[in-house]
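Chemist: I'd like to ask you about the structure that follows.
No value in this document is a laboratory result; all are computed from the given coordinates. The structure displayed is predicted, hence computed values, not measured ones. Cβ coordinates were reconstructed from backbone atoms using ideal geometry, including for glycine residues, and neighbour counts include every protein chain displayed.
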Amino acid sequence: MIYLQLFWEFFKTGLFAVGGGMATVPFLYDISARRGWFTEAQLADMIAVADSTPGPIGVNMATYVGYTSAGFFGSLIATLALVLPSVIVVLIVAKILQAFKENFYVKSAFFALRPASTGLIAAAGCTVAAISVLNIPLFRETGAILDILNIPALILAAVLLVLTNIKPVKKLHPVFFIVFSAVVGIVFKFGA
Amino acid sequence: MKELIRMFLTFARIGGLTFGGGYAMLPMLQREVVEKHKWATEEELMDYYAIGQCTPGVIAVNTATFVGRSKRGIPGAIFATAGVIFPSFVIISIIAAVLANFADIPAVQYAFAGIRVCVCVLIFNAVVKLFKKSVVDAVSGIIFLGVLLVSVIFDVTPIIIVPIAAVVGIAVQVWRCKKK
């Protein structure tokens, strides 16, 4: 029963993904690895779409992953399951707002949860890097160490890294960089 | 009921007009929730927002639930939350349905191969930003590195890592307090 499984996986994601935005991404890579509902490459594409459309990234991701896994009802169930734990937690915490904010144990837990969440997102970034700027299948085939590098992709990555961090351009919305990369990908036939 | 629907519509507008989620949403929340509808004061909103980051889940959703609840109880929480996720749901469902039909075209595949490189860079930039805020001393640096290595090398599920990190955080801070 894929709907029940979707609900359970996204409920866990909503409960454990801390820190907003990209925090859901490592959980989705985990789901991809265990359930096989979608591939790592598909997930990277979904991140691009979620980041260039309006709305919270986590919610966008849940809707998209749910749709890819099980169609319209899949997206409905995944989205509801993702927000359900936060709604429950917030309703409980709202009653003890000040006490919660000042609580020693909550603060202490978050002292470690923040860097842990950053580490998880970095690990998910490595997974994306492995399928975008590296060419592991070719390396396995030829055994030549230089073949592991996807040179055109690495050049694009370097250009994007500069563009997204220099003053006038970096304020642009991510969608500009995503469209730019799509055009580069088509012109130079990336992944062909 | 009228106010509940207004809440739904207001949060739908907030969800549908902000790109990038979480942090990008704050100015819009201030304008709509504080200035226009007066559902919360500036201080209350900042409080909700701060606590939204200290509770699990999507920050924008948490803030919507807080505001909805404080004004109209549980029905308010439900309407505000439903509002903030509604636009994402509609927009993404349409895109997912459309893109699924074009996925086999070579040009689309080339485009997404390029886009994946961009996603890689966007995640890297997000990590750098989060790193500056979350890694504040040696212990948090070790936690960051440890989690990164454990998940890359041993492929441990984040569902196990997150509760362990919470326990480690509490243990470290209790120990630090005792040492003083």
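Chemist: Per residue of A:6-18, count partner chain C-beta atoms within 10 Å of its C-beta, then hand back the mean as an integer. Walk me through the numbers before you get to the answer.
Modeler: Values: counts 0, 0, 0, 1, 0, 0, 4, 4, 4, 5, 10, 6, 8.
Counting other chains' Cβ atoms within 10 Å and averaging over A:6-18 gives 3.
Chemist: Rounded to whole Hz and in sequence order, give me ³J(HN,Hα) for the range B:130-139 from the Karplus expression 6.51 cos²θ - 1.76 cosθ + 1.60, θ = phi - 60°, writing x for Gly and Pro.
Modeler: 5, 4, 4, 8, 9, 9, 10, 7, 4, 5
Chemist: What is the extension gain from B:ILE153 to B:ILE5, computed as 0.36 nm multiplied by their sequence separation minus the C-alpha to C-alpha distance, in nm to one decimal?
Modeler: Values: separation 148, 0.36 × 148 = 53.28 nm, distance 4.91 nm.
Extra length from B:ILE153 to B:ILE5 when fully extended: 48.4 nm.
Chemist: Multiplying the sequence separation of B:ALA138 and B:ILE160 by 0.36 nm and subtracting their Cα-Cα distance, what value in nm do you get? Please report the intermediate quantities before stating the final value.
Modeler: Working: separation 22, 0.36 × 22 = 7.92 nm, distance 2.28 nm.
Here the answer is 5.6 nm.
Chemist: Amide H of A:LEU149: which non-local residues (sequence gap of 5 or more, or other chain) have their own amide H closer than 5 Å, using H built in the peptide plane?
Modeler: Excluding prolines and chain starts, which carry no amide H, the hits are A:ASN135.
Chemist: What is the sum of charges around B:LEU99, taking Lys and Arg as +1, Asp and Glu as -1, for the other residues whose C-beta is under 15 Å from the C-beta of B:LEU99? It would help to have the intermediate numbers written out before the result.
Modeler: Working: positive: B:ARG116; negative: A:ASP45, A:ASP51, B:ASP104.
Combined, the nearby Lys, Arg, Asp and Glu give -2.
Chemist: Note down the nm distance, to one decimal, between modelled labels 7 Å out along Cα→Cβ at B:VAL128 and at B:GLU35.
Modeler: Simple spin-label model gives 3.2 nm for this pair.
Chemist: Could you please rank B:CYS118, B:CYS177, placing first whichever residue has the fewest other Cβ atoms within 10 Å of its Cβ? The partial results should precede the final answer.
Modeler: On the way: B:CYS118 31, B:CYS177 10.
Neighbour counts put them in this order, fewest first: B:CYS177, B:CYS118.
Chemist: If you don't mind, there's one more thing I want to ask. Please compute the length gained on full extension between A:PHE73 and A:PHE139, using 0.36 nm multiplied by the number of residues separating them and subtracting their Cα-Cα distance.
Modeler: Details: separation 66, 0.36 × 66 = 23.76 nm, distance 4.02 nm.
Here the segment from A:PHE73 to A:PHE139 would lengthen by 19.7 nm.
Chemist: To the nearest Å, what is the center-to-center distance of the range A:65-138 and the range B:163-180, using C-alpha atoms only?
Modeler: Each part reduced to its Cα centre gives a spacing of 22 Å.
Chemist: If one computes the Cα centroid of the range B:98-130 and of the range B:37-92, what distance in Å separates the two points?
Modeler: So the separation of the two Cα centres works out to 30 Å.
Chemist: Sort A:ILE166, A:ILE131, A:ILE186 by Cβ crowding within 10 Å, fewest neighbours at the top. Write out the running numbers ahead of the final one.
Modeler: Numbers: A:ILE166 9, A:ILE131 23, A:ILE186 18.
Sorted ascending by nearby Cβ count, the order is A:ILE166, A:ILE186, A:ILE131.
Chemist: Of A:LYS167/A:LYS189; A:LYS12/B:LYS36; A:LYS171/B:LYS36; A:LYS101/B:LYS71, which ones are farther than 32 Å apart at the Cα? All intermediate terms of the calculation are to be shown ahead of the outcome.
Modeler: On the way: A:LYS167/A:LYS189 30 Å; A:LYS12/B:LYS36 36 Å; A:LYS171/B:LYS36 28 Å; A:LYS101/B:LYS71 20 Å.
Flagged as over cut-off: A:LYS12/B:LYS36.
Chemist: Remind me, relative contact order of the range A:34-192 in percent, using alpha carbon pairs under 8 angstrom and six or more residues apart?
Modeler: Reported as a whole number, the value is 17 percent.
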